[in-house]
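For reference, the structure discussed in these notes is given below.
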Amino acid sequence: MDGLEKRRDPRLAMRLSLLCRKLGEPTPTLCAGTVLNVGRGGLYFETTATDFEPGGLAEVRFAVPPQTSR
């Protein structure tokens, strides 16, 4: 990889806790993880679960904290 950004939409770096599960499974397991970046076209998250693949469909839930004034 050459290090150049190839995404159409920019990503915002962040660290947020999440809950996720793989879609399309008869009995999906709920997993915990961490969102590392998010954008209009998708997000990147880390989890210790082994059943997720890049580009796969997942239900992901996380809360974005309200913006605080400085």
Scanning segment 27-52 for residues that are within 22 Å of ARG8 (Cβ to Cβ) and assigned to a loop (DSSP other than H, G, I, E, B), which turns out modelled with the highest pLDDT?
ARG40
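For segment 20-45, which positions are aliphatic (A, V, I, L, M) and more than 22 Å from GLN67 (Cα to Cα)?
Passing the criteria: LEU23, LEU30, ALA32.
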Quick one: count up the residues across segment 12-45 that are open to solvent by 90 Å² or more (accessible area, probe 1.4 Å) and touching a Gly at 6+ places or on another chain (Cβ under 7 Å).
1
Restricting the first residue to segment 40-61 and requiring it to be over 12 Å from LEU30 (Cα atoms), which pairs with a second residue that is open to solvent by 50 Å² or more (accessible area, probe 1.4 Å) and among the hydrophobic types (A, V, I, L, M, F, W, C) meet a Cβ separation below 7 Å and a spacing of at least six or different chains?
LEU57/LEU23
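The values are calculated or read from the model by the stated rules, or taken from the named source; none is laboratory data. What you see is a predicted model, and the numbers here were worked out from it, not measured in a lab. Methodologically, a virtual Cβ is constructed for each residue, glycine included, from the backbone with ideal geometry; neighbour enumeration extends over all protein chains shown. What goes into the accessible areas is simple: the full protein's heavy atoms, side chains included, and nothing from ligands, DNA or RNA. Shrake-Rupley method; radii C 1.70, N 1.55, O 1.52, S 1.80 Å.
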